1. Report the residue count in the range 103-162 for those that are hydrophobic (A, V, I, L, M, F, W, C) and over 20 Å from the mean Cα position of the chain (by Cα).
2. Determine which member of the set Glu96, Glu65 is at pLDDT 95 or above, farther than 30 Å from Ile2 by Cα, surrounded by 15 or more Cβ atoms within 10 Å (Cβ to Cβ) and not polar (S, T, N, Q).
3. Of all residues in the range 109-164, how many are of a type in the set (Asp, Glu) and over 30 Å from Leu70 (Cβ atoms)?
4. Can you name every residue in the range 139-156 that is part of a helix (DSSP H, G or I) and within 24 Å of Ala15 (Cα to Cα)?
5. In the range 115-138, what residues are buried (at least 16 other Cβ atoms within 10 Å of the Cβ) and outside any helix (DSSP H, G or I)?
6. Is it the case that Leu24 is surrounded by 14 or more Cβ atoms within 10 Å (Cβ to Cβ), outside the structural domain of Leu148 (by TED's automatic domain parsing) and among the aliphatic types (A, V, I, L, M)?
7. Output the residues belonging to the range 100-113 that are free of Cβ contacts under 8 Å to residues at least 24 places away in the same chain, in a helix (DSSP H, G or I) and surrounded by 13 or more Cβ atoms within 10 Å (Cβ to Cβ).
Amino acid sequence: GIYDCDKDLFDWVIAPLSENDKSLLSQMRYRPDSDLEHSKTRFKSLDCSIMELADDIAYGVHDLEDAIVLGMVTRQQWQEGAASQLADCGDPWFEEHIGSIGQMLFSGKHHQRKDAIGGMVNALLTSISIKVVDEPFQNPLLAWNACLEPHMAKALDVLKHFVS
């Protein structure tokens with residue numbers, strides 16, 4: 001959704017869209033259960049899907065790094081709460097590298113931790129592809145979204161929930 005104060009600007013942005021695209025774009029994923037939650041739109045533009053993935057990857061991986069540096073996460077917590085799930089997420093990269101990632105993250109050496117973090121970011125980024133959305137949008141910026149491959153989406157979800 002949008003804030004009431006942004007409605008005029010939002011209307012200006014979507015003015016060039018077809019009525020069908022406007023209707024689809026205004027659909028919500030779900031209705032919140034409480035007044036403290038807000039509704040989320042069902043669809044997003046290509047650029048928004050890219051920004052959302054970039055944000056999720058940055059926070060999911062770099063929050064892990066911060067938690068390790070600050071001593072908030074131990075190697076044992078990593079093994080039990082994330083590494084075991086990442087090893088079983090179905091992604092070949094994580095299955096192959098999860099052991100060395102854990103060693104590098106907790107080696108106590110800055111450059112090794114950075115290499116592990118960079119490896120995870122790279123693996124996530126290179127698993128992104130541009131796909132057609134399920135609904136028949138006419139505008140190409142709405143008809144396509146950046147998406148993580150399903151196994152990597154699961155891996156990112158593990159990382160995000162582990163540090164939250």
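1. Initial filter on the range 103-162 (hydrophobic (A, V, I, L, M, F, W, C)): 104-106, 116-117, 120-121, 123-125, 128, 130, 132-133, 137, 141-144, 146-148, 152-153, 155-156, 158-159, 162.
If we keep only those that are over 20 Å from the mean Cα position of the chain (by Cα) too, we end up with 104-106, 137.
Qualifying residue count for the region: 4.
2. Glu65
3. Residues in the range 109-164 being of a type in the set (Asp, Glu) and over 30 Å from Leu70 (Cβ atoms): 3 in total.
4. Residues of the range 139-156 part of a helix (DSSP H, G or I): 140-143, 150-156.
Pro140, Leu141, Leu142, Ala143, listed by residue number.
5. Ser127, Ile128, Val133, Phe137
6. Numbers: surrounded by 14 or more Cβ atoms within 10 Å (Cβ to Cβ): yes; outside the structural domain of Leu148 (by TED's automatic domain parsing): yes; among the aliphatic types (A, V, I, L, M): yes.
In short, yes.
7. Going residue by residue through the range 100-113, those that are free of Cβ contacts under 8 Å to residues at least 24 places away in the same chain are 100-101, 103-104, 107-112.
In the following step, the residues that additionally are in a helix (DSSP H, G or I) were identified as 100-101, 103-104, 110-112.
Across the range 100-113, the qualifying residues are Ser100, Ile101, Met104, Gln112.
Residue-wise test of (1) within 14 Å of Leu159 (Cβ to Cβ); (2) touching a strand residue (DSSP E or B) at 6+ places or on another chain (Cβ under 7 Å).
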{"site": "Arg42", "(1), (2)": "no, yes"}
{"site": "Val61", "(1), (2)": "yes, no"}
{"site": "Arg75", "(1), (2)": "no, no"}
{"site": "Leu86", "(1), (2)": "yes, no"}
{"site": "Met120", "(1), (2)": "yes, no"}
{"site": "Ile130", "(1), (2)": "no, yes"}
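The values are calculated or read from the model by the stated rules, or taken from the named source; none is laboratory data. Only a predicted model underlies this, so the values are computations on that prediction, with no experimental measurement involved. Here the Cβ is made from the backbone with ideal geometry for all residues, glycine too, and neighbour counts use every protein chain on show.
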